[in-house]
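In what follows, a structure is listed as structure tokens, so that the remarks can point back to it.
The values are calculated or read from the model by the stated rules, or taken from the named source; none is laboratory data. Keep in mind that what you see is a predicted model, and the values were worked out from it rather than measured. Counting neighbours? That spans all protein chains shown, and the Cβs are built from the backbone with ideal geometry, glycine included. Side chains included, ligands, DNA and RNA excluded: accessible areas come from the protein's heavy atoms. Shrake-Rupley method; radii C 1.70, N 1.55, O 1.52, S 1.80 Å.
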Amino acid sequence: IFLLGALYYMYNPAHESFFPSCPFKSFTGLDCPGCGSQRAVHEMLHLHFGEAFRKNALAVLALPYIFLILLFPKTRRFLLSNTALLLIIATLVGYFFFRNR
């Protein structure tokens, strides 16, 4: 994870061709919920949270949730429950429609 973080810190996915592009966007022309997340990670690592939010708001807003899952094992059961996973899916679908309207 450290090496991947260093890679995203040193190289901007918006300017480097070795980062993978989104196959969904290539095929449909639509942004999936993950589109822009590589660029958002690069911006967050440089502490440019506003720019990261513009690249992919969901990636920025999901960070606290991900940290809770990783750092507090006792919360995993609740945060990854069936109800939570249904809410995550609903959020992803809603974000997909919102960003492609």
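Key figures for this structure:
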read-out: Among (1) open to solvent by 40 Å² or more (accessible area, probe 1.4 Å); (2) free of Cβ contacts under 8 Å to residues at least 12 places away in the same chain; (3) on the phi < 0 side of the Ramachandran plot; (4) not acidic (Asp, Glu) - the single one Leu47 does not satisfy; value: (3)
read-out: Residue selected from segment 1-30 under the condition part of a loop (DSSP other than H, G, I, E, B) and aliphatic (A, V, I, L, M), by the criterion farthest from Leu63 (Cα to Cα); value: Leu30
read-out: Failed item in (1) in contact with a helix residue (DSSP H, G or I) (Cβ under 8 Å, 6 or more places away or on another chain); (2) in a helix (DSSP H, G or I), with Pro33 passing the rest; value: (2)
read-out: Filtered residue count, segment 2-20, keeping only those that are loosely packed, with under 13 Cβ neighbours inside 10 Å and under 24 Å from Thr91 (Cβ atoms); value: 1
read-out: Single unsatisfied condition, Ser81 versus (1) among the hydroxyl-bearing types (Ser, Thr, Tyr); (2) touching a residue at least 24 places away in the same chain (Cβ under 8 Å); (3) exposed (fewer than 13 other Cβ atoms within 10 Å of the Cβ); value: (2)
read-out: Single match in Ile89, Ile69 (criterion: in a helix (DSSP H, G or I), hydrophobic (A, V, I, L, M, F, W, C) and open to solvent by 60 Å² or more (accessible area, probe 1.4 Å)); value: Ile89
read-out: Filtered residue count, segment 50-64, keeping only those that are open to solvent by 70 Å² or more (accessible area, probe 1.4 Å) and modelled with pLDDT of 95 or more; value: 3
read-out: Verdict on Arg101 being charged (D, E, K, R) and assigned to a helix (DSSP H, G or I); value: no
read-out: Residues that are over 20 Å from the mean Cα position of the chain (by Cα), modelled with pLDDT of 95 or more and assigned to a helix (DSSP H, G or I), drawn from segment 72-85; value: Asn82, Thr83
